[in-house]
Amino acid sequence: MREYYITKNDSGQRLNKFLEKAVPLLPGGIMHKYLRLKRIKVNGKRTDAAYRLAEGDAVQLYLNDEYFDAPREEEAFRRITQPRLRIVYEDDHILLADKAPGMVVHADERGGADTLIAHIQAYLYQTGAWNPADAASFAPALCNRIDRNTGGIVIAAKTAEALRILNDKIKERELEKRYLCIVHGRPQPAAGLIENYLRRDEKRKQVTLHRQRVPGAKTARTRYRTLASQDKLSLVECELLTGRTHQIRAHMASIGCPLLGDGKYGTNELNRPYNETGQALYAYSLTFRFEEDAGVLSYLNGRTFTAKEIPFVRKYFPSFQL
């Protein structure tokens, strides 16, 4: 028999959702069967899958060991002895990390532990801010993602409550995200709004833009303004009004100004003189603009956080001040 004591992070969720995370190898059909047979109990009593767990509850599982054999996903953090993190901000509920270009946020098809989330979990574990033994179904998690070759601010939730709130706020677009990029040429006009439809091609891992709505396409809107120009390059700030895959890269290329180093939407001919192999794109600014109550995160409303160091700005526009 295994027993889990429900902490604040695990409370408030349905029993079946808790079990899906705590015992991922347990099939749903068997879970419901074992609930009926009282091989899964809460506080020593029979209960149903819809029961809302409360802090202090005890969940007893009379299950075979085979259902617990798989390692939990977050165990990758244990292989990291020296976390590599650039922390922009941290409190009891969230951590804002400045992800370096080249690092993946989650494990990709190649697997491995060298991911942003693993380094964040390792840092929180080693500093005592998080102990996986204290919450059977929750681990610190990322609320947004950034492409491997894009740098910038990524939000990590340190508590289940913060994760629920931020996921909702991101869905309602109550977070303002601004990016800096270097593009070839000079955008005309110098500032504007790009609005069309974007469709993702899963096989090519690329998107196409359309003036009219086509099957599978979603609205894509980017506001941009040119901050500086010199020689054949321009420094541009982009604000995402929608959050589609490769949106800024495709949008800037569509007005004849592909990102420096972008081989997917730009051309090798343009990039070759600069010897850049990754797109010059950085999620440098994040502002919380809550329109509705944000519960324990209300204190963040109206606050802006920015990345301190953006390598390609220093390299190509050294006199520009953010």
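The values are calculated or read from the model by the stated rules, or taken from the named source; none is laboratory data. Keep in mind that what you see is a predicted model, and the values were worked out from it rather than measured. Glycine also receives a Cβ, built like all others from the backbone with ideal geometry; neighbour counts cover every protein chain displayed.
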*Are there any pairs, at least 6 apart or on different chains, whose C-beta atoms fall under 6 Å, with the first in region 1-30 and within 17 Å of Pro132 (Cβ to Cβ) and the second of a type in the set (D, E, K, R) and at pLDDT below 85, and if so, which?*
Thr7/Asp134
*What are the residue pairs meeting all of these: first residue in region 57-86, first residue modelled with pLDDT under 80, second residue surrounded by fewer than 18 Cβ atoms within 10 Å (Cβ to Cβ), Cβ atoms under 6 Å, and 6 or more apart or on different chains?*
Tyr67/Leu25; Ala70/Leu25
*Considering region 12-46 alone, what residues qualify as being part of a loop (DSSP other than H, G, I, E, B), more than 25 Å from Thr159 (Cβ to Cβ) and at pLDDT 90 or above?*
Leu37, Lys38, Arg39, Gly44
*For Asn9, all conditions in the list (1) part of a loop (DSSP other than H, G, I, E, B); (2) surrounded by fewer than 16 Cβ atoms within 10 Å (Cβ to Cβ) hold save one; what is the number of the exception?*
(2)
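Do we have Arg52 as surrounded by 14 or more Cβ atoms within 10 Å (Cβ to Cβ) and either in the same structural domain as Ser137 (by TED's automatic domain parsing) or basic (Lys, Arg) (or both) here? Talk me through it step by step, then tell me what you get.
Working: surrounded by 14 or more Cβ atoms within 10 Å (Cβ to Cβ): no; either in the same structural domain as Ser137 (by TED's automatic domain parsing) or basic (Lys, Arg) (or both): yes.
No.
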*Residue list for region 286-308, filter: closer than 18 Å to Ala100 by Cα, in contact with an Asp or Glu (Cβ under 8 Å, 6 or more places away or on another chain) and not aliphatic (A, V, I, L, M)*: Lys308
*asked:* Checking the conditions here, which among Val207, Val183 is touching a helix residue (DSSP H, G or I) at 6+ places or on another chain (Cβ under 7 Å), farther than 20 Å from Lys315 by Cβ and either touching a residue at least 24 places away in the same chain (Cβ under 8 Å) or surrounded by 21 or more Cβ atoms within 10 Å (Cβ to Cβ) (or both)?
replied: Val207
*(1) hydrophobic (A, V, I, L, M, F, W, C); (2) under 19 Å from Phe312 (Cβ atoms); (3) touching a strand residue (DSSP E or B) at 6+ places or on another chain (Cβ under 6 Å): which one isn't true of Ala220, the others all being true?*
(2)
